[in-house]
Structures are given as C-alpha cells and as structure tokens.
Amino acid sequence: MVVKKKSAQHIPSIIAALLVLMSCALASAAAQKSSQPIQKFGAALNNPTAVASGKQIYGTRCEICHFSASKAKKVGPGLANIYPGGKFANGKKVDDAAMRVWIEAGGKDMPGFREALKPNEVRDLIAYLRTL
C-alpha cells in the first residue's frame, strides 16, 4: 500500500497563493508610492525656499567658476541673464531641460554634477539660476 502525503498535493496551490499575495503587496506598494505628493519642477520656480536652497548650492558648487552678477568669464562664463535668450557654449538655447542636462552631465570644460547633486538640488539650483 502506497501512502501519499496530502501536503504534497497542496504545494501548487500554496505557491499560487504566495504569488497572488506577493503581487498584491507589490501593487499596494506601487499605489502608495504613486499617491505620495511629488513637487513638480514648476512649483519650485516661484518657491522662495527652493530659490534660497539653489543660491546656497550655487555658492558651494558653481560660484568658484561662474559669476552670478556678470556675463564676464571667470573660469566658465558668467551666468547673469542666462535664461532670457541665453545660449550654452555648444550654441543650444537655455531652457530647464537643457540646463538640467548641462548641470548633470557637464559640458565644454565643465564637470558633471550627477553624482554630487541630488535631483531636488538640481531643481533648486535651476530655480535660482532663473533669478539671475
């Protein structure tokens, strides 16, 4: 007489139940994450806190090479009025997306700051640069 263990018959059902539970947990976590408020870039532009933070970052990271109140060259070009009609060294128009890329990746003779600055710091820095 062969005796089968009943628990062996239930293994596929147990695995299926575990997969369903894991899927539900992942879906719940994703829904919770997406429901958290995210400050959009546009909201930072007129936010005095973001601008003040950006000014501090500028003083620490950028001021060594760039004037903020002049277009005169220091090590890199001065950034006064960089947004209204400004162009990068490569000739491309200055806008928020291009500025983010320039800050993160660097450019002609400028190191990138992708590893040195967090995304919200780049956002705040751009908010400050728009005030120059």
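The values are calculated or read from the model by the stated rules, or taken from the named source; none is laboratory data. Just so it is clear, the structure is predicted and the values come from calculations on it, not from any experiment. Neighbour counts are summed over all protein chains in view; Cβ atoms, including those assigned to glycine, are modelled from backbone coordinates with ideal geometry. In case anyone asks, the SASA skips ligands and DNA or RNA and just uses the protein heavy atoms, side chains included. Shrake-Rupley method; radii C 1.70, N 1.55, O 1.52, S 1.80 Å.
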*Give Ala98, Ala89, Ala31 a once-over and let me know the one that is at pLDDT below 95 and within 14 Å of Ile126 (Cβ to Cβ).*
Ala98
*asked:* Condition first: surrounded by 14 or more Cβ atoms within 10 Å (Cβ to Cβ) and out of contact with any Phe, Trp or Tyr (no Cβ under 7 Å at 6 or more places or on another chain). Now tell me which residues in the range 57-69 satisfy that.
replied: Ile57, Cys62, Glu63, Cys65, His66, Phe67
*Quick check: is even one residue across the range 74-85 of a type in the set (Lys, Arg), part of a helix (DSSP H, G or I), more than 14 Å from Leu132 (Cα to Cα) and open to solvent by 70 Å² or more (accessible area, probe 1.4 Å)?*
no
*Could you list, in sequence order, the residues of the range 110-123 that are farther than 15 Å from Leu79 by Cβ and either in contact with a strand residue (DSSP E or B) (Cβ under 9 Å, 6 or more places away or on another chain) or not aliphatic (A, V, I, L, M) (or both)?*
Pro111, Gly112, Arg114, Glu115, Lys118, Pro119, Asn120, Glu121, Arg123
_Restricting to the range 90-132, and then to whatever is in contact (Cβ under 8 Å) with a residue 40 or more places away in the chain and part of a loop (DSSP other than H, G, I, E, B), can you tell me which residue is farthest from the chain's Cα centre (by Cα)?_
Leu132
*Taking Asp109, is it open to solvent by less than 40 Å² (accessible area, probe 1.4 Å) and of a type in the set (D, E, K, R)?*
no
